[in-house]
1. Could you please give the count of residues in the range 1-22 that are crowded, with 17+ Cβ neighbours inside 10 Å and in a loop (DSSP other than H, G, I, E, B)?
2. Criterion first (closer than 21 Å to residue 34 by Cα, in a strand (DSSP E or B), in contact with a helix residue (DSSP H, G or I) (Cβ under 6 Å, 6 or more places away or on another chain) and modelled with pLDDT of 95 or more) does residue 141 satisfy it?
3. Failed condition for residue 1, given (1) out of contact with any strand residue (DSSP E or B) (no Cβ under 6 Å at 6 or more places or on another chain); (2) farther than 17 Å from residue 92 by Cβ, with all others met?
4. State whether the residues of the range 78-91 include one that is loosely packed, with under 15 Cβ neighbours inside 10 Å, closer than 23 Å to residue 131 by Cα and touching a strand residue (DSSP E or B) at 6+ places or on another chain (Cβ under 9 Å).
5. Would you point out which residue out of 55, 47, 74 is under 11 Å from the mean Cα position of the chain (by Cα), closer than 16 Å to residue 16 by Cβ, surrounded by 17 or more Cβ atoms within 10 Å (Cβ to Cβ) and at pLDDT 95 or above?
């Protein structure tokens, strides 16, 4: 089970310690940039806890597309020390549940990742995301909510 919680002064230092594996660093922005992006662009960051341990981060950005409320999953990561245990899928599922509580309720979710990020593409597709359009060098996938 994954629990999502806001980034607060109480967990901030711990959040900054989250890292992907060295071989993945070119695929996702560092946590500090994700938090800065959230602040600047008005996105919503949440940290993921499993069994009391901080295991990951997700950053979502609600917006309108042709007058339709949608949510972009801007960042999603599991710390390298916790990868390979199915937590990515649990984080996606928890994120979908959380986004479903937004008002107005989004009709779709969007996510984009680099074509070489095969693990992420498999994760997103098994969670119901579809698509293959390329935008700014990334594969864009959509999922109805």
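1. Of the range 1-22, the ones crowded, with 17+ Cβ neighbours inside 10 Å are 2, 4, 7, 15, 18, 20.
Subset that is in a loop (DSSP other than H, G, I, E, B): 2, 7, 18, 20.
Summing the residues that are crowded, with 17+ Cβ neighbours inside 10 Å and in a loop (DSSP other than H, G, I, E, B) in the range 1-22 gives 4.
2. On the way: closer than 21 Å to residue 34 by Cα: yes; in a strand (DSSP E or B): yes; in contact with a helix residue (DSSP H, G or I) (Cβ under 6 Å, 6 or more places away or on another chain): yes; modelled with pLDDT of 95 or more: yes.
When the stated conditions are applied, residue 141 passes them.
3. (2)
4. No, the range 78-91 contains no residue that is loosely packed, with under 15 Cβ neighbours inside 10 Å, closer than 23 Å to residue 131 by Cα and touching a strand residue (DSSP E or B) at 6+ places or on another chain (Cβ under 9 Å).
5. Details: 55 fails: under 11 Å from the mean Cα position of the chain (by Cα); 74 fails: closer than 16 Å to residue 16 by Cβ.
The unique qualifying residue is 47.
The values are calculated or read from the model by the stated rules, or taken from the named source; none is laboratory data. Nothing here was measured: the structure is a model prediction, and the numbers come from that model. Neighbour counts are summed over all protein chains in view; Cβ atoms, including those assigned to glycine, are modelled from backbone coordinates with ideal geometry.
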